[in-house]
Amino acid sequence: MRGVGIVDKAGPAVTAFKPGDRVLISCISACGKCVYCRKLMYSHCIAGGWILGNTIDATQAEFVWIPHADISLYRIPDGADEEAVVMLSDILPTGFECGVLNGKVQPGNTVAIVGAGPIGLAALLTAQFYSPAEIIMIDLDDNRLEVAKRFGATAAVNSADGKAAETVMKMTGERGVDTAIEAVGIPATFELCEKIVAPGGTIANIGVHGTKVDLHLENSWDRNITITTHLVDTVSTPMLLNVLQSHKIDPKLLITHRFKLDRILDAYETFAHAADTRALKVIIEA
């Protein structure tokens, strides 16, 4: 559902774009008029929200219909690298809004990101806007942890031995982390966040959970912990475009593989075996 493209035709309701415009396609569609859009909760738009690739066809095609185009598209600045821009369609605003902003990352704080996949790495890149003292990356995959260290993580913890919580607590003097960002979406990783968050800290959930997760209030009822959940609204996209243009961030680093549209099945196969292919983000070009 992530993509960039060129406007081919514009319907009569579209006033902000014209044929020939190069545009970034947001993963969230927004009418701009409903009660949720007026609260800038575009992800819950009554007439839109997360519909691309969910309830309507998305961008893995030569032509794509984008509803509510005036608010759901962003003009690509002249000279911008389209491969870098496409990362702003979904994963950069997701990592930033759902992880960094909800997690209340602040200068000097200690942050742990559980999950070094594309979303976790996007949170890592954007967390550095706020100069935390430490960013600890936790994952099962040594390759992704090495990537995380190249992207700015101050420490990497492989959780395969089941001792990640113990390791993080030791690293933080038994205090825990100010922000724990969950970027996987399974019970074990959320429960890890519960174990490592410091009193007064925040657990920012990004992961898409498909099964129940235990909330251990018996251990945290008195610890002043905040837990946030969020589906990305993409309200940060214009700001992220400006940061990209000023070369303060390089989301193109997340791209590991490229395929033409007629080889899309190869692309899916590559991503399905990411542990072996070391795939992060795969670009499909029409």
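The values are calculated or read from the model by the stated rules, or taken from the named source; none is laboratory data. Computed from a predicted model, the values in this text were never measured in an experiment. Cβ sites come from the backbone with ideal geometry, for glycine too, and all protein chains shown count toward neighbours.
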| remark: Considering region 94-124, residues that are part of a helix (DSSP H, G or I) and in contact with an Asp or Glu (Cβ under 8 Å, 6 or more places away or on another chain), and then whichever is surrounded by the most Cβ atoms within 10 Å (Cβ to Cβ), we arrive at Gly120
| Does Thr234 qualify as being at pLDDT 95 or above, more than 15 Å from the chain's Cα centre (by Cα) and among the hydroxyl-bearing types (Ser, Thr, Tyr)? | no
| request: Please specify each residue of region 80-89 satisfying the condition of being crowded, with 24+ Cβ neighbours inside 10 Å and either part of a loop (DSSP other than H, G, I, E, B) or of a type in the set (Ser, Thr, Tyr) (or both). | output: Met87, Leu88
| For region 253-276, which residues satisfy the criterion of being assigned to a helix (DSSP H, G or I), touching a strand residue (DSSP E or B) at 6+ places or on another chain (Cβ under 7 Å) and free of Cβ contacts under 8 Å to residues at least 40 places away in the same chain? | Asp266, Ala267, Thr270, Phe271
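Residues checked against (1) within 17 Å of the chain's Cα centre (by Cα); (2) assigned by TED's automatic domain parsing to the domain that holds Gln128; (3) at pLDDT below 95; (4) in a helix (DSSP H, G or I):
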position	(1), (2), (3), (4)
Ala13	no, no, yes, no
Gly20	no, no, no, no
Leu24	yes, no, no, no
Cys27	yes, no, no, no
Cys37	no, no, no, yes
Ile66	no, no, no, no
| message | I'd like the full set of residues that are crowded, with 18+ Cβ neighbours inside 10 Å, over 16 Å from Ala80 (Cβ atoms) and touching a residue at least 40 places away in the same chain (Cβ under 8 Å), limited to region 11-39. | response | Cys27, Ile28, Ser29, Ala30, Cys31
| Hey, among the residues in region 167-198 that are more than 22 Å from Lys212 (Cβ to Cβ) and in contact with a Lys or Arg (Cβ under 9 Å, 6 or more places away or on another chain), which one's surrounded by the most Cβ atoms within 10 Å (Cβ to Cβ)? | Thr179
| Ile283 vs. criteria more than 19 Å from Val111 (Cα to Cα) and surrounded by 12 or more Cβ atoms within 10 Å (Cβ to Cβ) | yes
| note | Just one listed residue, out of Ser236, Ser246, is polar (S, T, N, Q) and either loosely packed, with under 13 Cβ neighbours inside 10 Å or over 25 Å from Phe96 (Cα atoms) (or both), and it is Ser246
